[in-house]
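Notes follow once the structure below has been shown.
The values are calculated or read from the model by the stated rules, or taken from the named source; none is laboratory data. Quick caveat, the model's predicted, so the values are computed rather than measured. Here the Cβ positions follow ideal geometry from the backbone for every residue, glycine too, while neighbour counts run over all protein chains shown. Remember, those area values only see protein heavy atoms, side chains included, never the ligands or the DNA or RNA. Shrake-Rupley method; radii C 1.70, N 1.55, O 1.52, S 1.80 Å.
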Amino acid sequence: MTTEYDLSPEDFADTAKAVVNACAEAGTTADRIALLADAGLTGILAGDSCGGMGLPVDFAVPVLHAAGAGMLAAPLLETMLLARAFSGTQDDLATAIAIGHTKVTIAWNGELDGAAGTVDRAPLAEDCDAVLVFRRDGSAILVTLGAGAEVMAEDTLDLERPEARVVITAAEGPELSAETVTELQRIAQILRSALILGAAEDSLERACEYAQDRRQFGKTLVSYQAIQHHLARQCLAVETIRNSIARSLSPHCEMPVDAARATFIGATGLGAKTAETAIQIFGGMGYTWDVPLHRHLRFVRTLAAQGKAAELLDSVAQQLLSGDNIKKELQRAS
Amino acid sequence: MTQTAAVASERPSLETAGDTARAWLDANLPQGLREDILQEREPTFAELSEWESKLHKAGIIGATWPTQYGGGDLGLRAHLDISREIGRTPMPESVNSIGKELAGPIILAVGNERQKAEYLPAILEMRNIWCQGFSEPNAGSDLAGLRTKAEKTDDGWVINGQKIWTSGASKSSHCLLLARTGSVEDRHRGLVLFAVDTSLPGVDIREIKSIDGARHFCEVFFNDVVVPEADMLGSPDQGWAAATRVLSIERATNRMHRAWRFENQLQHLVSACAENPATRRLVEHDYARPLAEVAVNIELLKGHVETLVGSLIDGNEIGPRGSLPKMFWSEAHQDFSKLALDIVSRFPPDLSDPLRAVKRRMEDIYIKARAETIYAGTTEIQLGIIAKRILKLNWER
Ligand SMILES: Cc1cc2nc3c(=O)[nH]c(=O)nc-3n(C[C@H](O)[C@H](O)[C@H](O)COP(=O)(O)OP(=O)(O)OC[C@H]3O[C@@H](n4cnc5c(N)ncnc54)[C@H](O)[C@@H]3O)c2cc1C
């Protein structure tokens with residue numbers, strides 16, 4: 001891909017993989033954020049006046065792909081999004097986020113109506129300094145965790161980025177406008193799809209490797225067509241997610257907002273199916289705690305809930321049945 | 001300016017080849033050819049043929065072919081833009097798609113100058129209609145097992161054998177024939193492609209009735225048919241390479257419009273149901289989510305098509321990746337066809353014409369969709385290609 005920048009998105013893939021591997025050895029979330037920040041990955045989308053690189057969203061895709069594949073235990077998605085969202089309006093804050101000084105997350109579920117309330121689905125909130133909370137009017141506020149905002153551990157499906165609940169009694173802090181929040185949510189749809197792509201591709205690679213190694217009935221598993229076809233279907237699933245992400249970010253995409261939403265909805269179903277199939281191919285071994293396929297599955301399902309895949313599907317239905325698609329078509333035509 | 005705004009401003013201007021195509025199609029598609037209104041009768045072959053030659057005159061067909069052969073010399077991006085508009089317009093499928101999308105590109109790739117000059121403009125002007133003679137009774141999925149024999153003599157090549165499932169053969173003037181010079185044991189070696197004039201003595205075409213009631217695909221017998229040397233396409237050893245190329249085009253870029261036609265079918269179903277309180281309720285209460293899933297699949301399919309086009313523009317070959325859009329489309333479209341049939345089969349009696357039209361269209365789509373996972377390589381064969389050539393899995397035989 002040619003861009004007006006000296007770099008291409010693919011240039012980040014190897015660095016991201018190496019840093020994610022290093023993160024696996026690091027002891028705490030703070031250590032991992034420091035490693036990511038040192039490599040410049042947290043600030044890829046932040047403005048260049050805010051310790052970032054000011055790059056377009058495509059550049060974050062290979063980084064989050066590596067994070068998904070490598071089961072990164074850090075709120076990298078949230079950090080990237082908030083460093084970008086505060087750039088331009090609150091540069092000091094954006095800088096502190098981009099360089100890893102302020103560790104942030106987002107409570108993806110729930111809205112505040114006033115200064116107090118409870119929100120949840122905030123990955124790794126226990127290890128963060130502040131959490132972004134959405135408000136009923138569409139705007140959002142970055143609340144410092146502590147006295148007025150208490151983090152409560154929650155039952156969590158995701159093991160790498162355990163979710164927490166946040167009980168807020170006094171919401172104060174820097175704000176994001178409704179417009180910025182809409183944009184943040186849209187970018188999050190694409191970047192979450194990149195995380196899912198990484199998790200799905202790693203599941204598929206592990207399943208392919210296992211099937212070519214494990215022998216039953218005197219032959220490797222992959223010698224059986226049923227197994228080949230399982231793997232091929234998951235390859236189609238992975239390539240479907242990859243191509244849809246690429247399309248959503250292409251300057252030639254006619255309706256990028258619809259495309260991003262469909263990419264995310266599609267990725268959640270296809271990504272989960274790929275991890276589930278990989279577990280099936282591993283047999284009893286796939287059901288063990290130590291084989292990390294369940295981690296990918298848990299992660300994908302959690303991302304689906306954080307990104308509200310089910311509600312988004314309802315919004316597609318609403319748009320379709322209201323005739324808005326047809327109206328949009330006509331508008332495009334005129 | 002935000003970064004997304006910057007991206008948005010890079011989007012193509014409104015004056016694209018697609019816009020021109022859309023305006024022309026909107027103004028010129030005859031009522032009798034619309035698939036979204038109730039028709040008294042099926043259009044005739046002559047009407048369809050005339051429509052397609054008009055499409056060519058309007059620059060909508062043949063956009064990427066060189067101007068010297070009647071094309072528009074445009075790039076693949078323009079072809080995609082035009083294909084979107086073709087898809088969005090509820091018009092009949094081409095009766096010469098084999099000529100335009102398979103034979104033409106292969107002649108451009110391996111044909112000589114005389115063959116290009118003779119065949120290409122004739123395809124666009126609908127003077128020549130082509131069919132594809134690959135499959136045989138004993139060589140379907142295992143195409144390399146084909147037996148139709150081509151023997152070289154002083155008078156030219158003598159062809160003997162039988163093809164089957166040859167779409168449109170009884171209406172065609174030419175057949176893109178794959179035959180072999182040696183024996184079946186040679187498998188992929190010794191295969192050769194010909195442009196065979198179907199009016200030659202010894203060519204015998206018999207129609208086969210298919211499950212949709214049509215008599216479109218055929219058996220084609222070749223009994224001592226003498227094909228001039230000049231009608232061989234490429235060299236005798238290029239046959240398999242050329243055939244594989246035909247197949248990857250068939251799977252990937254052929255009927256590039258299908259994602260948008262699929263969308264048009266979905267929107268037709270939804271908008272027709274919205275007209276009547278009972279059908280509107282039916283769709284809203286019982287089918288909202290499944291229909292939304294179809295809409296999502298259509299976007300995902302566009303992702304396959306548009307990135308494949310981008311990759312071709314960057315100079316990459318289609319290769320085995322052609323199996324991805326083919327598989328995704330055929331299965332997603334079949335799923336839609338089942339859902340659509342389910343919906344229209346619950347329509348109340350006393351239907352208005354728009355509802356009768358959509359019912360008829362969806363029933364037809366359902367039956368025809370059965371073929372989509374069979375032709376151009378069955379689903380099982382696509383899965384094998386993906387396993388072996390994309391995943392590069394190794395297995396013992
Ligand atoms: C509507 C329609 C139009 C067509 N038009 C043309 C045309 O114009 N020109 C042309 O040349 N051909 C045409 N075909 C033929 C088409 O390409 C073949 O039907 C197709 O390749 C399958 O071959 P077959 O019918 O011999 O089935 P077979 O190869 O006998 O397959 C039967 C079943 O067995 C499965 N199978 C076969 N091999 C394997 C394997 N190794 N592993 C697992 N499963 C396997 C298949 O998937 C299928 O389900 C058309 C077919 C249809 C339905």
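May I ask which residue of B:V203, A:A74, A:L132 lies farthest towards the positive end of the charge dipole of the protein assembly as shown, with charges of +1 (Lys, Arg) and -1 (Asp, Glu) on Cβ and the Cα centre as origin?
B:V203
How far apart, in nanometres, would the label points at A:A226 and B:D212 be if each is projected 7 angstrom from Cα along the Cα-to-Cβ direction?
Taking the two extended label points, one gets 3.5 nm.
Rounded, prolate or oblate: which fits the stretch B:131-236 when a ≥ b ≥ c are the square roots of the eigenvalues of the alpha-carbon gyration tensor, with rounded for a/c under 1.5 and prolate only if a/b beats b/c?
In terms of gyration-tensor shape, oblate.
Please list 3J(HN,Hα) in residue order for the stretch B:310-322, calculated via the Karplus relation 6.51 cos²θ - 1.76 cosθ + 1.60 where θ = phi - 60°; whole Hz, with x for glycine and proline.
Going residue by residue, I get x, 5, 5, 4, 6, x, 7, 7, 6, x, x, 5, x Hz, with x marking Gly and Pro.
When a/c reaches 1.5 or more, the comparison of a/b and b/c decides; with that in mind, is the stretch B:3-95 rounded, prolate or oblate per its Cα gyration tensor?
Taking the square roots of the gyration eigenvalues as a ≥ b ≥ c, the stretch B:3-95 is oblate.
For A:A13, put the label point 7 Å out on the Cα→Cβ axis and report which residues of the stretch B:292-322 keep their amide N under 20 Å from it.
Those under the cut-off are B:303-322.
Report D for the stretch A:180-316 in µm² per second (integer): Stokes-Einstein, Kirkwood Rh on Cα pairs, 4 °C, 1.567 mPa s.
83
Can you compute the modelled spin-label distance between B:S352 and A:T89, with each label point 7 Å from Cα toward Cβ, in nm?
Once both label points are built, they end up 4.6 nm from each other.
Under a point-charge model restricted to the Cβ atoms of Lys and Arg (+1) and Asp and Glu (-1), what is the dipole moment magnitude of the stretch B:256-390 relative to its Cα centre, in debye to the nearest 20?
240
Taking Cα atoms of the stretch B:273-352, Rg/Rh with Kirkwood Rh, to two decimals?
Radius of gyration over Kirkwood radius for the stretch B:273-352 works out to 1.17.
Given a 1.4 Å probe and every protein chain left where it sits, what share in percent of the accessible area of the stretch A:180-316 is carbon and sulfur?
Its accessible area is 55 percent carbon and sulfur atoms.
Working from Cα positions, state the angle (0 to 90°, nearest 10) between the long axis of helix A:324-333 and the longest principal axis of chain A.
80
If amide hydrogens are placed 1.01 Å from N in the peptide plane, which non-local residues have theirs closer than 5 Å to the one on B:G133?
The list, which skips near neighbours in sequence, is B:L176, B:L177, B:L178.
Within the stretch A:108-132, what residues put their amide N at less than 20 Å from the label point 7 Å along the Cα-to-Cβ vector of A:E311?
In the stretch A:108-132, the label zone of A:E311 (backbone N under 20 Å from the point 7 Å along Cα→Cβ) covers A:108-125, A:131-132.
Which of the pairs B:K163/B:K302; B:K163/B:K326; A:K219/B:K388; A:K17/A:K103 have their Cα atoms more than 25 Å apart in this structure?
B:K163/B:K302
Skip the ligands, DNA and RNA, and give the accessible area per residue of the stretch A:177-334 with a 1.4 Å probe, whole Å².
39
If you average the C-alpha positions of the stretch A:253-271 and of the stretch B:93-134 separately, how far apart do those two centres end up, in angstrom?
Comparing the Cα centres of the stretch A:253-271 and the stretch B:93-134, I get a distance of 37 Å.
Using alpha-carbon pairs under 8 Å, 6+ residues apart, how would you state the relative contact order of chain A in percent?
14
Could you give the nm distance between label points at A:E111 and A:E209, where each point is 7 Å from its Cα heading toward the beta carbon?
4.5
So if we plug the beta-carbon distance of B:A27 and B:E50 into 1/(1 + (r/R0)^6) with R0 = 22 Å, what FRET efficiency do we get, rounded to 0.05?
FRET efficiency, B:A27 to B:E50: 0.85.
Dipole size in debye (nearest 20) for the stretch A:104-176 around its Cα centre, Lys and Arg Cβ +1, Asp and Glu Cβ -1?
Using only the charged Cβ atoms, the result is roughly 180 debye.
Pairing the Cα long axis of helix B:113-124 with the longest principal axis of chain B, what angle in degrees results, from 0 to 90 and rounded to the nearest 10?
Tilt of helix B:113-124: around 30 degrees.
So which residues in the stretch A:291-326 end up with at least 10 square angstrom less accessible surface once the other protein chains are there, compared with the chain by itself, probe 1.4 angstrom?
Buried by 10 Å² or more upon assembly, which counts only protein chains, are A:A310, A:L313, A:D314, A:V316, A:A317, A:L320, A:L321, A:N325, A:I326.
Between the helical axis of B:277-286 and the dominant principal axis of chain B, each derived from Cα atoms, what acute angle in degrees is found, rounded to the nearest 10?
70
Normalised by the residues of the stretch B:3-95, what does the relative contact order come to in percent, with Cα pairs under 8 Å and at least six apart?
Here the relative contact order equals 39 percent.
Would you mind checking which residues have amide H under 5 Å from B:C218's amide H? H placed 1.01 Å from N; only 5 or more apart, or other chain.
Close amide H contacts, sequence-distant or interchain: B:W165, B:T166, B:S167, B:G168, B:A169, B:I208.
Compute the Cα gyration tensor for the stretch A:7-102, then decide on rounded, prolate or oblate, letting a ≥ b ≥ c be the square roots of its eigenvalues: rounded whenever a/c is under 1.5, prolate when a/b is larger than b/c in the other cases, and oblate in all that remain.
Verdict is oblate for the stretch A:7-102.
What net charge do the residues around A:S139 carry, taking every other residue with its C-beta under 11 Å from that of A:S139, with Lys and Arg at +1 and Asp and Glu at -1?
Residues close to A:S139 contribute a combined charge of -2.
Output ³J(HN,Hα) for the stretch A:266-278: one whole-Hz value per residue in order, computed from phi by the Karplus curve 6.51 cos²θ - 1.76 cosθ + 1.60 with θ = phi - 60°, and x for Gly and Pro.
The phi angles translate into x, 4, 5, x, 5, x, 5, 5, 5, 5, 4, 5, 4 Hz.
Which residues of the stretch A:209-224 show a drop of at least 10 Å² in accessible area when all protein chains are present, compared with their chain alone (probe radius 1.4 Å, heavy atoms only, ligands and nucleic acids excluded)?
So the qualifying set is A:Q212, A:R215, A:K219, A:T220, A:V222, A:S223.
Rounded to the nearest 0.05, what FRET efficiency do B:E185 and A:K219 have when you use their Cβ-Cβ distance and R0 = 22 Å?
0.25
Once B and A are treated as a pair rather than alone, how much accessible area drops out, both sides summed, in Å² to 100, probe 1.4 Å?
4700
Give me the dipole magnitude in Debye, nearest 20, for the stretch A:1-70 about the Cα centre, with unit charges on the beta carbon: positive for Lys and Arg, negative for Asp and Glu.
For the stretch A:1-70, the charge dipole is close to 280 debye.
What is the packing order of peptides A:264-271, B:254-261, B:185-192, taking the mean over residues of other C-beta atoms within 10 Å and listing the highest first?
Ranked from most to least packed, the peptides come out as A:264-271, B:254-261, B:185-192.
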